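A short worksheet on the structure shown next.
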């Protein structure tokens, strides 16, 4: 059955899907002798010859999920150029096995190992918010204001570092803190605590999702149970971060259509005239236009003009002037 190359590589334990896409785009993967650079290319793992960096891809083995309590002095990688001891020296050899995430060489605590690339991506991606719990011994004792700064977040070298929860476990001359966070930025806990003035002297990872280090001594490992695997990949174990939908708005009532066409200018003039009409101009509907005009005429005739506006009757010349045609 044909599948996408990145899915085949992830299931074979070569890398996560995202890292497999990068390897494909870099031209490091070939199918039947042809170099592939498109991540969406499909292939059949049973029929096609797939090679990564020249090495032929083996048939995917049964998925393996291990939980290791990493001691100090071990590097979280499959191979180290400096020939330092790696976490692979602490677990049995399994084809395609690799560590999920990393812990510093001086940090101890829980580390997952698997040959299932899709599982590794599901656990490490910040989008799924799988919590990680750390115990850190810091210099001096942070006060309540400092703990609140850790919750709000501190910007360090352009990165906003924050914790989901933090509390003081022990407080003598120095303090042990318990911090819970869901992102896996490089040296995040150490950088964050150093930025607030409390550098870390010891650091342990004691929890990953539903898993804890209880009963597992440094250097020991065990296989995950099916329920633990499900608890890590199921949203109940590490819920997917989603954006809450916006509240629904009440629909506005539809606007009343205008009583006139858009381009009717005469109707617009009539509308403006009706708005500017005085209340006294509104007459009952039974008044006739003729009566209205005659009443206006009578009222205008009965008005007495001012003294300066008086004019003589028609046919009589004004006083002090001789009539026309006479000298």
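Mind checking whether some residue in the range 183-202 is closer than 20 Å to residue 214 by Cα and touching a residue at least 60 places away in the same chain (Cβ under 8 Å)?
yes
If you check residue 76 against the conditions, is it surrounded by fewer than 15 Cβ atoms within 10 Å (Cβ to Cβ), under 20 Å from residue 125 (Cβ atoms) and within 32 Å of the chain's Cα centre (by Cα)?
Spelling it out, it is not the case that residue 76 is surrounded by fewer than 15 Cβ atoms within 10 Å (Cβ to Cβ), under 20 Å from residue 125 (Cβ atoms) and within 32 Å of the chain's Cα centre (by Cα).
When residue 129 is evaluated against the numbered criteria (1) within 17 Å of residue 192 (Cβ to Cβ); (2) crowded, with 16+ Cβ neighbours inside 10 Å; (3) out of contact with any helix residue (DSSP H, G or I) (no Cβ under 9 Å at 6 or more places or on another chain), which criterion, by number, is the only one it fails?
(1)
Tell me yes or no: at least one residue of the range 15-28 is under 20 Å from residue 113 (Cβ atoms), more than 29 Å from the chain's Cα centre (by Cα) and in contact (Cβ under 8 Å) with a residue 12 or more places away in the chain.
no
Any residue at all in the range 163-170 that is free of Cβ contacts under 8 Å to residues at least 60 places away in the same chain, at positive phi and assigned to a loop (DSSP other than H, G, I, E, B)?
For the range 163-170, residues free of Cβ contacts under 8 Å to residues at least 60 places away in the same chain, at positive phi and assigned to a loop (DSSP other than H, G, I, E, B): absent.
I'd like to check something: does the range 212-230 contain any residue that is surrounded by 15 or more Cβ atoms within 10 Å (Cβ to Cβ), touching a residue at least 12 places away in the same chain (Cβ under 8 Å) and part of a helix (DSSP H, G or I)?
Yes, the range 212-230 has at least one match.
Where residues in the range 132-151 are over 28 Å from the mean Cα position of the chain (by Cα) and surrounded by 15 or more Cβ atoms within 10 Å (Cβ to Cβ), which of them is farthest from residue 199 (Cα to Cα)?
135
If I ask for residues that are out of contact with any helix residue (DSSP H, G or I) (no Cβ under 6 Å at 6 or more places or on another chain) and crowded, with 16+ Cβ neighbours inside 10 Å, which ones from the range 152-171 would you list?
Passing the criteria: only 162.
Taking the condition of being touching a residue at least 12 places away in the same chain (Cβ under 8 Å), over 19 Å from residue 120 (Cβ atoms) and in contact with a strand residue (DSSP E or B) (Cβ under 8 Å, 6 or more places away or on another chain), how many residues in the range 29-69 meet it?
12
Quick one: which strands (runs of 3 or more DSSP E) lie wholly within the range 7-115 and hold at least 1 residues that are under 28 Å from residue 230 (Cα atoms)?
Answer list for the range 7-115: 42-44, 65-70, 98-100, 108-114.
Kindly establish whether residue 177 is surrounded by 18 or more Cβ atoms within 10 Å (Cβ to Cβ), within 31 Å of the chain's Cα centre (by Cα) and at pLDDT 95 or above.
yes
The values are calculated or read from the model by the stated rules, or taken from the named source; none is laboratory data. All values reported here derive from a predicted model rather than from experimental measurement. Here Cβ is always computed from backbone atoms with ideal geometry, including for glycine, and neighbour counts include all displayed protein chains.
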